[in-house]
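Written out below as C-alpha cells is the structure these notes cover.
The values are calculated or read from the model by the stated rules, or taken from the named source; none is laboratory data. Only a predicted model underlies this, so the values are computations on that prediction, with no experimental measurement involved. Positions of Cβ are backbone-derived with ideal geometry, glycine not excepted, and every protein chain shown enters the neighbour counts.
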Amino acid sequence: MKSRGCGVAAATLGMLLVSACAMGPDYQRPETSMPETFEQTVDEGSSITNLNWWELFDDEQLNSLIKTALEQNRNMAIAISRIEEARAALGFVRSDQYPQFEVSAGANRGNSIPGTAVIVPLGNNFVLAGNLSFELDLWGKLRRSTEAAQAELLATVDASNSLMITLISDVASAYVLLLDLDNRVRIAERTLDTRNNSLAIMQARFDRGTVALIDVNQAQIEMYDAQAQLAALQRQDVQAENLLSVLLGQHPGAILRERRDIYTMQALKVPAGLPSELLQRRPDVRVAEQQLAAQTARIGVAEAIRFPSLSLTGSLGLASDELSGIFSSDNKTWGLGAGLIAPVFNAGRNKRRVEVEVARTEQALLNYEETVLQALREVEDSLISVHTFDEEILARENQQKAAQSAAMLSRARYDGGVTSYLEVLESERSLFGAELLASSTRREQLVSYITLYKALGGGWTP
C-alpha cells in the first residue's frame, strides 16, 4: 500500500512536469529584407571569406603582430573573462529547474525539537536532517529564465568575437599606418637634404652677388618647411608605435620591424557578387539577435509570474535528546509538504511587468534591424572604397611622375636663366606634396580592404 501511494505520487508529478507549458512567445529570427548581393562589385578573385585574410598580405611581421595581440591584449582577456562569467550565470539560473537538497545539523537546550513542533521535557536536543525543495515549473518561468541566460551567454561569445575582429583590424591598420609614416619620413628626409643643398647653392650664389637675397630667403622658407614636416611625421611615427604597442598588450615603445616599403604590400582580391548572407556572420548582428532572443524569453518569465507557483518540500532526519543515541531507528523524523502561492491583488504590478518586457523586446527588435541596416551600409561603403582606390592610386602615381618631371625641368630652366627661382620652388613643393599623398593614398587603399573584411564580419578569423 505504501509503495502504491509513492507510485501514484510519482506519476502525478511526472504528468505535472510533462503537461507544464512555457508562457510567452517562442523566439524566431526576424525577417529582414536584404538584397541577394551587394550593390558594389569588385575584381573577380577566389573566395577568401573563410581564410585568415591578413595572411594574404604575405607579411610575416604582420602575422606575428596579430598573433601577439590575440594572446596579450587586455581587452581580449576581459572579453574572455566575461564569457566565463556568463557561462557561470547560466549554470546559476539553470540550477533553479532542479530539486535543491540541503543537510542541516544542530544542537540546543529547551523543551522542543528544533525545526519541529514536538514538545519534549526540558533537556538537550540534537538534530541531523536532510531537506529537499523543488519548485514545479508549471508555466515555464524557470525554463524561460534559462533561455534568456543562454542567449546572453551566446551574445557574450559573439561580443568577444566582435572585439577580436576589431582588434585584428586595428592591429593591421596601425601596422599599415606605421609603414606609411616610415615611408613619409624617408620622403621628408630626402626632401630636406635636397633643400639643404639648394639653400647652400643659393647662399654661395648670393655671396658671389649673382642672385638676390629673396632667392636665399625662399630657399630658407622651403628648407624650414621640410624640417617642420619631418619633425611632425617623426612625432606621428612614434605615436603610431605607441598605439600598436598597447594593442599588443605591451608598454608603449618602439616596434622592431624590417625597413619595409608600403608599396611592397600587395592589394587583395575580393570576389564579385558577395552574398548578403555574409552579414549573418557579423558578430554585432549576432549579438543584437541573441539580445532579442533573451528579451523575448523574459516576456515568458513575466507572464508566468502572474500565475500560481507550486513548491514541494520534504525532510528526513534524526532527532534525539542524547547525542550518543541519535542514530537509533526510533529517532527518525520526516515530513512532506506542498505550498501554493498565487497573486491575487497587486495593483496591476505583474501586468505592468509583462508590458515592460514587451516594450523592451520591441526595442531589441528595432536595435537588431538597425544593426543590420548599419552593417549593409558599412559593407557598401567599404566596397566602393576598394573599387575606387585603384583609380585614385593610378592618378596619384601619374601625378608624382609629372611632378618629378616638372621639378627637374624647372631646375634646368632656372640654371639656364630662363625662369625665376619661384618656379623651381613651386615645382619642388608640388613634388613633395605628391610623394606624401601617394604614400598616404596607398595606406588608405590597404586600410579599405581591412575595413571591408571587418564589415563583412570576419568570417576568416581563427
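Below are the figures for this structure:
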| quantity | calculated |
| --- | --- |
| Members of the stretch 293-312 found to be part of a helix (DSSP H, G or I) and not β-branched (Val, Ile, Thr), listed by number | 293, 294, 295, 297, 298, 300, 302, 303, 304 |
| Residue 70 vs. criteria within 16 Å of the chain's Cα centre (by Cα), surrounded by fewer than 21 Cβ atoms within 10 Å (Cβ to Cβ) and either of a type outside the set (Lys, Arg) or modelled with pLDDT of 90 or more (or both) | yes |
| Which listed residue is of a type in the set (Gly, Ala, Ser) and surrounded by 14 or more Cβ atoms within 10 Å (Cβ to Cβ), from 240, 200, 204 | 240 |
| Number of positions in the stretch 120-145 that are within 27 Å of residue 299 (Cβ to Cβ) and either without any contact (Cβ under 8 Å) to a residue 24 or more places away in the chain or buried (at least 20 other Cβ atoms within 10 Å of the Cβ) (or both) | 8 |
| Odd one out for residue 245, checked against (1) over 24 Å from the mean Cα position of the chain (by Cα); (2) more than 20 Å from residue 441 (Cα to Cα); (3) free of Cβ contacts under 8 Å to residues at least 12 places away in the same chain | (1) |
| Failed item, numbered, when residue 92 is tested on (1) modelled with pLDDT of 80 or more; (2) surrounded by fewer than 13 Cβ atoms within 10 Å (Cβ to Cβ); (3) in a strand (DSSP E or B) | (3) |
| Hey, residue 219 small (Gly, Ala, Ser) and either within 30 Å of residue 57 (Cα to Cα) or modelled with pLDDT of 95 or more (or both) or not | no |
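Every residue, every condition in (1) surrounded by 16 or more Cβ atoms within 10 Å (Cβ to Cβ); (2) in contact with a helix residue (DSSP H, G or I) (Cβ under 6 Å, 6 or more places away or on another chain); (3) at pLDDT 95 or above; (4) over 30 Å from residue 144 (Cβ atoms), yes or no:
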site: 351; (1), (2), (3), (4): no, no, no, no
site: 354; (1), (2), (3), (4): yes, yes, no, no
site: 362; (1), (2), (3), (4): no, no, yes, no
site: 388; (1), (2), (3), (4): no, no, no, yes
site: 391; (1), (2), (3), (4): no, no, no, yes
site: 394; (1), (2), (3), (4): no, no, no, yes
site: 410; (1), (2), (3), (4): yes, yes, no, yes
site: 422; (1), (2), (3), (4): no, no, no, yes
site: 429; (1), (2), (3), (4): yes, no, no, yes
